[in-house]
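The values are calculated or read from the model by the stated rules, or taken from the named source; none is laboratory data. Computed from a prediction, not measured in an experiment: that's the story for all the values here. As a convention, Cβ positions derive from the backbone with ideal geometry for all residues, glycine included, and neighbour counts pool all protein chains shown.
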């Protein structure tokens, strides 16, 4: 399998992801994941909608980069959200397929 094509099974179970029909990019067909509109709510969603017309970047990329940047800026000292015995800190890790 080529490295630049995202397989649906790679994102199975990730909330908010859906796959449109195959897109033609001129370099063969590939699928591009698209977030549902509900993912773009709150401050991060407003930021994405402000930046989107001024950028060539995909709205999903803008949103995820914003969330990663905030998590990196505030770090583990910003607090956490606790679910049962597990503490969830605001740090995120982003993998990208190019």
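For the stretch 65-88, which positions are closer than 28 Å to residue 34 by Cβ and touching a strand residue (DSSP E or B) at 6+ places or on another chain (Cβ under 9 Å)?
81, 88
Which one of these is loosely packed, with under 14 Cβ neighbours inside 10 Å and at pLDDT below 90: 77, 58?
On the way: 58 fails: loosely packed, with under 14 Cβ neighbours inside 10 Å.
Criteria check complete, one pass: 77.
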